[in-house]
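Peer 1: Please find one structure pasted underneath; my questions will follow.
The values are calculated or read from the model by the stated rules, or taken from the named source; none is laboratory data. Quick caveat: nothing in here was measured; it's all calculated off a predicted structure. So basically every Cβ, Gly included, is an ideal-geometry build from the backbone, and we count neighbours across all protein chains shown. Quick note on the areas: whole protein, heavy atoms, side chains included, nothing else; ligands and nucleic acids left out. Shrake-Rupley method; radii C 1.70, N 1.55, O 1.52, S 1.80 Å.
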Amino acid sequence: MRKLFFLIVSIAFLGCQFTLAQDTLHTKLIENDPIRAKEDSLYRKIELKTQKSKIGRRLHELLFTSGASVPATTAPSKPKVSSVWKDFQGKIIRHIEITTYDPLGFDEQDSTRLPNRWEVLGNRFHNKTKEKIVRRLLLFKAYTPLDSIKMKETARVLRSQYHIRRVYIQPKTTHSADSVDVKVNVLDSWSLYADAMGSFNEGTMRVFERNFLGLGHQLSGRYSQEIRGKGRPSFGMDYEILNLYATTLNTSAGYSLNFDKYYYQYWELTRPYYSLYSRWAAGVHLYQRTFEEGLPKEDSIYSQDFKTQGRNVWGSISFPILKRYTPANRVTNMVFSLRYYRVKYIEGPDSWLDSEGFYSDKDTYLASIGVNHIGYEQDRYIFRHQDIEDIPIGRSVALIGGFQENLGHRTPYLAGRLRYGAYFSLGYFSGDIQLGSFLAQERSKQTTLRWEFNYFSPLFTIGKWHFRQFVKWRSVVGFSRKDYAKDRITLNGATGIAGFSSPTLSGLHKSILTFQSQSYSPFSLWGFRVSPFLLGDVGFIGDDNRNPLKDQVVSKVGIGFYITNDYIPLGNFQFSFIYLPRVPGVGNHIQKITNINNTDFRLPYFNYNIPELIRYE
């Protein structure tokens, strides 16, 4: 136990040194640096070769050019950091003018551009964002000195809203030399949309309203139907109110029912770290759910019904440190957090099926202290087409401690977490390393070590098409785990290989390497684009932590189509054809249609430190 304690503390100490070190991140330069406007020389050679014959020229036109019927898409350029604020820094803001535009036919930077009659008709079905909703999110106020950094951060906060697509903030001169007006133009996203996904077994349709009545409220509904089997239905509904009464509090409630009539219902109230300059965050989450699980006993599986309810209460404060050594477009914060959450089993398994008490009431108390060095860089063509995307960069280290009460015992817990994200010449890289363990009787138990590394390449171009390569490596390792089937991990579901499901394969450790080659189509019809992608996964799982060569290896390959709309940031329809050479307990040469897309690659979020047990899944 002492070795583990010193290991976690050492990781936290070295992480602090790493986080507080001088800012040498190789961040993406925005000024005067277009995104790969020139073609790669290899593809230039291919183009020259194809021009030697009619068939070659025609094939090149079909694959690498957009055709006469579709307007040519210019090579994307990185957003430029404007110096328009230089002459207005520190001047008193006199008046703030806010203009919101419907999504079709308008340009937030060109007020003379007007929609045509079809776009006017389409805008009638859209609830335009109300001015007061935008004003509540501004980080600056009238009659205060202008701060260019807050202007840039305000634009990022507004872009992060589901119902806002683009933002343009500009200063306006006044008759007074010591004052300035500020103009805020917001271009809405199309807020009402639907998407669908399906497989050979079931189909799902979802409907979203991301700007209900123009208030920024979010309403969503889901309906699923079994295609094979009994043809049973399933549904769910959620409603969320953002920035409740201008308090920056968010509240939401939801209910869902699955095919087997098991339900999940919840209510929560949260105040997130919505900005780099937020100084506190807190939340309350209450839920109740019913579900069924199969418990193994003497080579048999017994199905059991469960009913649980839980509550989660947390709070966090942060304050800036090392201002003198932190660049103006970054922040370095010390963060303290407290959390209490309880899981209560109203209905559980019989004692003879759960002799270990795995399904028993648990009360967990946690506290954390951490240091976050946070910033954002702007990029395009990652999860969206053309629009600005704010990519987090920075470093973060946290030390987590607390205890869990279960079956009359109070067990201490200790964990550490280190995160990193930055741009380099070869692309963007992020990492997340976590180590945590319960401590009991002079030894550690249920120890979890996990890490996740993400990478995406610089954008490259072939003709009018744009491409990125995504790579992700995830690993989870368990030590001193309980000798119980439910205290093991698998390669199934969202925490494993998407589309893979084996009833027999499990282990104490696993690693998954994921590749995805994503294209970004230049073709657009009413804003809709179809972008093909290739994907592949290799998974390793086993019980011997000292000899990974004994691991079982499974794999997956596939091709998918990601259908997006330029006016709807989160509305998409995706489907993938995948091939699984081997699924233990199921069979070989499995083919499926499933829903996998490029948002399966997650970016780190440094501005959030809710303490939690390191997940073993």
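So that you can scan it fast, the table gives a plain yes or no per residue for (1) open to solvent by 10 Å² or more (accessible area, probe 1.4 Å); (2) within 19 Å of Y605 (Cβ to Cβ); (3) at pLDDT 95 or above; (4) among the small types (G, A, S):
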position	(1), (2), (3), (4)
I391	no, yes, no, no
E405	yes, no, no, no
S425	yes, no, no, yes
L439	yes, no, no, no
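Peer 1: Something else about it: Could you check segment 245-308 for strands (runs of 3 or more DSSP E) lying wholly inside it with 2 or more residues that are modelled with pLDDT of 95 or more and open to solvent by 50 Å² or more (accessible area, probe 1.4 Å)?
Peer 2: 263-271, 280-297
Peer 1: Continuing with this model, one more query. Would you please name the residue that is farthest from I568 (Cα to Cα), looking only at residues in segment 82-109 that are under 32 Å from the mean Cα position of the chain (by Cα) and either without any contact (Cβ under 8 Å) to a residue 60 or more places away in the chain or not in a loop (DSSP other than H, G, I, E, B) (or both)?
Peer 2: S83
Peer 1: If S189 satisfies every condition in (1) open to solvent by 30 Å² or more (accessible area, probe 1.4 Å); (2) touching a Pro at 6+ places or on another chain (Cβ under 7 Å) but one, which is the exception?
Peer 2: (1)
Peer 1: When you check S519 against the structure, is it in contact with a Phe, Trp or Tyr (Cβ under 6 Å, 6 or more places away or on another chain) and either of a type in the set (S, T, Y) or without any contact (Cβ under 8 Å) to a residue 12 or more places away in the chain (or both), yes or no?
Peer 2: yes
Peer 1: Please name all residue pairs, on different chains or six or more residues apart, with Cβ atoms under 6 Å, provided the first residue is in segment 151-163 and is of a type in the set (S, T, N, Q) and the second residue is open to solvent by 30 Å² or more (accessible area, probe 1.4 Å).
Peer 2: So the pair list comes out as T154/L139.
Peer 1: Oh, and also: Can you pull out the residues in segment 83-138 that are on the phi > 0 side of the Ramachandran plot and surrounded by 13 or more Cβ atoms within 10 Å (Cβ to Cβ)?
Peer 2: G105
Results for (1) open to solvent by 50 Å² or more (accessible area, probe 1.4 Å); (2) within 15 Å of I96 (Cβ to Cβ), shown as yes or no for each residue.
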{"position": "S160", "(1), (2)": "yes, no"}
{"position": "R165", "(1), (2)": "no, no"}
{"position": "Q170", "(1), (2)": "no, yes"}
{"position": "H175", "(1), (2)": "yes, no"}
{"position": "V182", "(1), (2)": "no, yes"}
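Peer 1: Against the conditions (1) open to solvent by 10 Å² or more (accessible area, probe 1.4 Å); (2) over 30 Å from W190 (Cβ atoms); (3) touching a residue at least 24 places away in the same chain (Cβ under 8 Å); (4) not β-branched (V, I, T), where does G496 fall short? Just the number, please.
Peer 2: All conditions pass for G496, except number (1).
Peer 1: For segment 517-533, which residues satisfy the criterion of being open to solvent by 10 Å² or more (accessible area, probe 1.4 Å), modelled with pLDDT of 85 or more and either over 30 Å from Y567 (Cα atoms) or of a type in the set (G, A, S) (or both)?
Peer 2: Correct list: S517 only.
Peer 1: Within segment 534-555, identify whether any single residue is surrounded by 22 or more Cβ atoms within 10 Å (Cβ to Cβ), part of a loop (DSSP other than H, G, I, E, B) and touching a residue at least 60 places away in the same chain (Cβ under 8 Å), and answer yes or no.
Peer 2: no
Peer 1: Those residues that are in a strand (DSSP E or B), small (G, A, S) and within 31 Å of the chain's Cα centre (by Cα), I need them from segment 422-448; list them, please.
Peer 2: Answer for segment 422-448, where residues must be in a strand (DSSP E or B), small (G, A, S) and within 31 Å of the chain's Cα centre (by Cα): A422, G427, S430, G431, G436, S437.
Peer 1: Additional query: Looking for something surrounded by 15 or more Cβ atoms within 10 Å (Cβ to Cβ), touching a helix residue (DSSP H, G or I) at 6+ places or on another chain (Cβ under 7 Å) and modelled with pLDDT of 85 or more - is there at least one such residue anywhere in segment 217-227?
Peer 2: no
Peer 1: If you don't mind, there's one more thing I want to ask. Any residue at all in segment 588-596 that's crowded, with 22+ Cβ neighbours inside 10 Å, modelled with pLDDT of 85 or more and on the phi < 0 side of the Ramachandran plot?
Peer 2: no
Peer 1: For segment 205-214, check the following and say yes or no: at least one residue is open to solvent by 30 Å² or more (accessible area, probe 1.4 Å), over 21 Å from the mean Cα position of the chain (by Cα) and without any contact (Cβ under 8 Å) to a residue 40 or more places away in the chain.
Peer 2: Yes, that holds for at least one residue.
Peer 1: Tell me, please, whether a residue that is under 27 Å from the mean Cα position of the chain (by Cα) and at pLDDT below 90 can be found in segment 118-127.
Peer 2: yes
Peer 1: Filter segment 458-473 down to residues that are closer than 22 Å to R417 by Cα and open to solvent by 40 Å² or more (accessible area, probe 1.4 Å), then give me how many there are.
Peer 2: So the count comes out to 1.
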